[in-house]
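**Student:** Dropping the structure in here first, questions after.
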Amino acid sequence: MIAPAMQSAGSGESIIGRRAEREAFRAALDDGVGLVFVHGPAGVGKSTLVRALVDEAVTRGRRIHHLDARDFLPSPRTFL
């Protein structure tokens, strides 16, 4: 099954699939989560997804702080 394309409001990019990830992000925003960690192999669309998530958060009035975590250990403890 091919997932419908979703338009990222700010970037003009179409996102194919990623419905589950975007729904999980919306639920996290609703629950007051303040940190989201996105990871995966190169070329899978992380940057495009993050731009869409940023658009969603900004639309909901959230402040955004972008960290390039390649130099951090992938652990919540790193950010505490």
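Please treat every number below as a calculation from the coordinates, not as lab data. It should be emphasised that the depicted structure is a prediction, and the values quoted were computed from it without experimental measurement. Cβ: placed from backbone, ideal geometry, glycine included. Neighbour counts: every protein chain shown.
**Student:** Quick one: what do you get for segment 27-68 if you divide its Cα Rg by 2.2 N^0.38 Å?
**Tutor:** So segment 27-68 has a normalised radius of gyration of 1.19.
**Student:** Which loop chymotrypsin sites (Phe, Trp or Tyr not before Pro) in segment 8-80, with loop taken from DSSP, have no more than 16 other Cβ atoms within 10 angstrom of their Cβ?
**Tutor:** Sites meeting the loop and neighbour criteria: Phe37, Phe72.
**Student:** Determine by what factor the alpha-carbon radius of gyration of segment 11-80 differs from 2.2 N^0.38 Å, reporting the quotient.
**Tutor:** Compared with the compact-globule rule of thumb, segment 11-80 sits at 1.13.
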